[in-house]
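Single-structure report; data block below.
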Amino acid sequence: MFEERYSYHLNNPVKVSEISINGELKSEIYRVRTIKGKKVYFIKLDIFHHDVFFIKFYLKKDQNNKNKFKIRYGNVKELTRLVSTCLVLANRKLKQNPDSIFAFHGQWDEKDVQEENVISQRYRIYKRVIASKVDENKYKFYLIDRLNSMAVIPVHLYNEKNLAKINKYFNDLYGETLEELIVPTIEEYNQNLMETET
């Protein structure tokens with residue numbers, strides 16, 4: 001898929017869960033240490049029906065924070081290496097099952113709302129890093145900018161029928177919470193804050 005030398009070392013999962021929280025069939029959590037060993041991140045791989053895999057990550061110190069996927073990490077080089085490590089994991093899974101589809105969702109945060117961004121900072125970084133590292137002769141990108149989500153699809157699976165399935169899959173997976181993936185306007189965000197406080 002790409003050169004692994006730009007990623008962190010990835011071992012076997014430290015935890016495997018078959019308890020379905022969001023409809024996943026199984027989740028695997030991998031522990032990754034930064035080069036200087038000062039930070040530990042967890043990469044979470046959620047496995048869904050139809051060989052769809054979602055990959056996300058967070059700092060170990062944030063593991064109990066309900067907003068762990070919204071937290072910004074200032075070190076772009078570190079973030080780039082983390083996304084590269086996610087791609088190493090994707091590559092391993094693709095070797096086991098060449099019909100797998102990998103999805104990434106860049107959760108929006110308050111700063112995205114304040115800056116009136118249409119797409120989240122995390123999603124922009126995911127798009128840039130993944131597009132620069134994945135061989136487009138072997139994989140195609142399906143971008144769902146509105147939902148801050150993208151899928152990496154093997155070329156042999158990239159067709160209108162499968163793209164329609166992916167759209168349906170996102171709708172089914174997120175259901176009524178689909179709108180929560182979209183960066184709200186400042187007015188919508190403030191309205192939601194007022195509603196949750198009352």
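The values are calculated or read from the model by the stated rules, or taken from the named source; none is laboratory data. Please read all numbers here as calculations on a predicted model, not as lab measurements. Positions of Cβ are backbone-derived with ideal geometry, glycine not excepted, and every protein chain shown enters the neighbour counts.
Worth pointing out:
- The number of residues in the range 50-90 being of a type outside the set (D, E, K, R), outside any strand (DSSP E or B), touching a residue at least 40 places away in the same chain (Cβ under 8 Å) and over 17 Å from residue 122 (Cα atoms) comes to 4.
- Among residues of the range 150-198, those that are of a type in the set (A, V, I, L, M, F, W, C), out of contact with any Phe, Trp or Tyr (no Cβ under 9 Å at 6 or more places or on another chain) and more than 22 Å from residue 86 (Cα to Cα), counted: 4
- Taking the range 11-36 as the range and being within 18 Å of residue 80 (Cβ to Cβ), at pLDDT below 90 and not charged (D, E, K, R) as the test, the residues that pass are 34, 35.
- Count - residues of the range 183-193 that are free of Cβ contacts under 8 Å to residues at least 60 places away in the same chain and either surrounded by 13 or more Cβ atoms within 10 Å (Cβ to Cβ) or not charged (D, E, K, R) (or both): 5
- Contact map, the range 163-178: residues that are polar (S, T, N, Q) paired with residues that are not in a helix (DSSP H, G or I), Cβ distance under 8 Å, separation 6+ or inter-chain. Pairs shown: 167/144.
- Test result for residue 28, over 24 Å from residue 189 (Cα atoms), of a type in the set (D, E, K, R) and in contact with a Pro (Cβ under 7 Å, 6 or more places away or on another chain): yes
- Residue check for residue 45: under 15 Å from the mean Cα position of the chain (by Cα) and crowded, with 19+ Cβ neighbours inside 10 Å: yes
- Any hit, the range 167-177, residues being loosely packed, with under 13 Cβ neighbours inside 10 Å, at pLDDT 90 or above and over 25 Å from residue 65 (Cα atoms): no
- Residues within the range 1-19 that are out of contact with any helix residue (DSSP H, G or I) (no Cβ under 9 Å at 6 or more places or on another chain) and either surrounded by 16 or more Cβ atoms within 10 Å (Cβ to Cβ) or in contact (Cβ under 8 Å) with a residue 60 or more places away in the chain (or both), tallied: 1
- Residues within the range 20-49 that are part of a loop (DSSP other than H, G, I, E, B), in contact with a helix residue (DSSP H, G or I) (Cβ under 7 Å, 6 or more places away or on another chain) and closer than 23 Å to residue 165 by Cβ, tallied: 2
- Test: residue in the range 127-141 that is closer than 22 Å to residue 58 by Cβ, surrounded by 21 or more Cβ atoms within 10 Å (Cβ to Cβ), touching a Phe, Trp or Tyr at 6+ places or on another chain (Cβ under 8 Å) and in contact (Cβ under 8 Å) with a residue 40 or more places away in the chain: yes
- Which numbered condition residue 80 misses (of (1) exposed (fewer than 14 other Cβ atoms within 10 Å of the Cβ); (2) modelled with pLDDT under 90): (1)
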